[in-house]
Amino acid sequence: MKSIQYSISPEVFEKFPAYVRGVVLAVGVKNGESSPELVQLMRSEEKSLQQRLNVDDIVNEPRINSWREAFRSLGIKPSEYRSSIEAMSRRVLRGNELPAINALVDIGNIISLRHLIPTGGHALDNVSGDIALRPAKGSEDFVPFGTQDHEHPDPDEFVFVEGDTVLTRRWSWRQANHSMTLPETNVIEFNVDGLPPVALAEVEQVSSELMELIRKFCGGELSCQYLTKDNPTITLKIP
């Protein structure tokens, strides 16, 4: 049994006391190419978003704007570094289909589009140390997804880390190679991020929907926990 402690630092909740993160753990999943049914589900969510929202109005959508304001309050220019959900939504609203990457990645994208809530997966097959969302010291190592380049986060930037290895920069901006979800991924955790107007009850509902899709298309043993100001640390137990 491998136990990983997962925490969110007090500094995060000091700035954003109503922030909540759902953590869905899936062990023993069978990932791989998405089925036609799953790809069609992603296309349906793209069309639904295009019917609900216009790219010119995206900054006024409360679920997008909450991340823009959060980034701005942290000294991050939201027009230069867009949250993952804004970047994805803009791509879809411009008429560009999301690529079908693999089942687990596509499931995360489906849920993100459906609810306009950042929902990102991190493979834990090669993660053994404790993980945390915390302000950066500035010395941590980050290798951006799809590259071999090493860089360091800005001091006090919110980073998701395993020790001093950055898994995601700027809270909800860009992921690293280290925990990339691959076809052979067997253990994964998904982060479901809620900032007001998204509250705990909705994060619980979204996490439930996420688990249903993983169970249907990838199987595995599933569990869910929630990180909040009053519950800032959980333990992930992996057989």
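Every number in this text was worked out from the coordinates using simple rules, so none of it is lab data. All figures in this text were calculated on a predicted structure; none of them were measured in a lab. Don't worry about glycine lacking a Cβ; one is built from the backbone with ideal geometry, like all the others, and counts go over all protein chains shown.
I want to verify the translational diffusion coefficient of the chain in µm²/s; compute it with Stokes-Einstein, Rh as the Kirkwood radius over Cα pairs, at 10 °C and 1.306 mPa s. Approximately 89 µm²/s, per Stokes-Einstein.
Sparsely packed loop sites in region 62-137 (the trypsin sites (Lys or Arg not before Pro) outside DSSP H, G, I, E and B with at most 15 other Cβ atoms within 10 Å) comprise Arg94, Lys137. Taking other residues whose beta carbon is less than 15 angstrom from the beta carbon of Ala123, and scoring Lys, Arg as +1 and Asp, Glu as -1, yields -3. Across the options Val92, Val203, Ser172, the greatest Cα extent toward the positive end of the charge dipole of the chain (unit charges at beta carbon of Lys, Arg, Asp, Glu) belongs to Val92. Loop-located GluC sites (Glu not before Pro) across region 42-100 with a Cβ neighbour count of 10 or fewer within 10 Å are Glu80, with loop assigned by DSSP. Spin-label model, Ser223 to Asp164: label points 7 Å out along the Cα-to-beta-carbon direction sit 3.1 nm apart. In loop segments of region 137-239 as defined by DSSP, the GluC sites (Glu not before Pro) with at most 14 further C-beta atoms inside 10 Å of their C-beta are Glu184. Comparing Val127, Leu182, Gly219 along the charge dipole axis of region 115-225, the residue lying farthest to the positive side is Gly219, per the Cβ-charge model. Per residue of the chain, the DSSP helices (runs of n ≥ 4 H) give a summed -39500 (n - 2.57) that works out to -10000 deg cm²/dmol at 222 nm. Contact order, relative form, for region 129-192: 30 percent (alpha carbon pairs under 8 Å, 6 or more residues apart, mean separation divided by residue count). Only Lys, Arg, Asp and Glu carry charge here, each on its Cβ (+1 for the first two, -1 for the last two); on that basis the chain has a dipole of about 380 debye about its Cα centre. Taken along the Cα-to-beta-carbon direction at a fixed 7 Å, the label points for Lys15 and Gln50 span 3.6 nm.
Based on the alpha carbons, how large is the Rg to Rh ratio for region 159-239 when Rh follows Kirkwood? A ratio of 0.95. A cut-off under 14 angstrom between Cβ atoms defines the neighbours of Glu212, and their net charge, with Lys, Arg +1 and Asp, Glu -1, is 0. In whole Å, how far is the Cα centre of region 102-174 from that of region 20-43? Here the answer is 18 Å between Cα centres. In this Cβ point-charge picture (+1 for Lys and Arg, -1 for Asp and Glu), region 163-220 has a dipole of about 220 debye about its Cα centre.
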